[in-house]
Amino acid sequence: GVRVEGVLGDGLLIYQLAVTNGRSHTVNAGRNQVDDNDGKEYMGRISFAPFVGEKDSFLQGFRFGIYGSYSHIGQDANINPTGWPGNIATNELAVTYLAFPAAPAFRFAGDRYRVGGEFTYFYGPFSLRGELMQRSDEFSVNASGQHGLLRTTGYHATAAVVLTGENKVPNTRLTPLHPLNFSEGTWGAFELIA
């Protein structure tokens, strides 16, 4: 795929636009595969930090954004992406969340889109992040000619506080004020996350 991104106004606005080959695989199923469908995926994201210029304000670390994507997967019988039908599962926990009927009865075909929103707030040793996303996939069941829409909603929220006084800045590694060194009696940094 191709992506264009940029930052305007010293971080006031961040944008990203992209076009990819539109493969809908999760985890490892889509790696090193050729483009085996006729749809491309178009994506955009925009993020605002309205108080980024106010260096002494407790609102300086407030950001929010929206994003979305759209693609259309053709229904030609020859277009049957490797790995689908498949299952939505986690590799780490070996938990299957959604199992699809065996091929060729079920296949994704039609429109696929995602929409979502996100926010971040950080100040001193404290940070709060959250996201809400909805994905919709059109599908068909070949034997019956039936069509349907699969909707998936996901969300998360994370709160963190650094107990040893360091500033919490999202997307950066925490650097301890006093690195771990038992001979000098320093314990590094401690962070509480929920």
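Read-outs: derived from the displayed coordinates by stated rules, not from any lab. Source: prediction; values computed, not measured. Don't worry about glycine lacking a Cβ; one is built from the backbone with ideal geometry, like all the others, and counts go over all protein chains shown.
Between Gly39 and Gly74, the built amide H atoms are under 5 Å apart, and every one of these is 5 or more places off in sequence or on another chain.
Taking the average, over residues, of other Cβ atoms within 10 Å as the packing measure, peptides 13-21, 153-161 rank 13-21, 153-161 from highest down. Phi angles across the range 168-177 convert, under the Karplus curve 6.51 cos²θ - 1.76 cosθ + 1.60 with θ = phi - 60°, into 3J(HN,Hα) values of 9, 10, x, 6, 10, 7, 6, 9, x, 5 Hz, Gly and Pro given as x. Which listed residue (Thr186, Gln146, Ala109) has the Cα farthest towards the positive end of the charge dipole for the range 105-194, taking +1 on Lys and Arg C-beta and -1 on Asp and Glu C-beta about the Cα centre? Of the listed residues, the answer is Gln146.
What the Cβ-Cβ distance of Phe119 and Thr96 gives, at R0 = 35 Å and to the nearest 0.05, is a FRET efficiency of 0.65. Computed packing ranks the peptides 108-117, 166-175 as 108-117, 166-175, most packed first, by mean other Cβ atoms within 10 Å.
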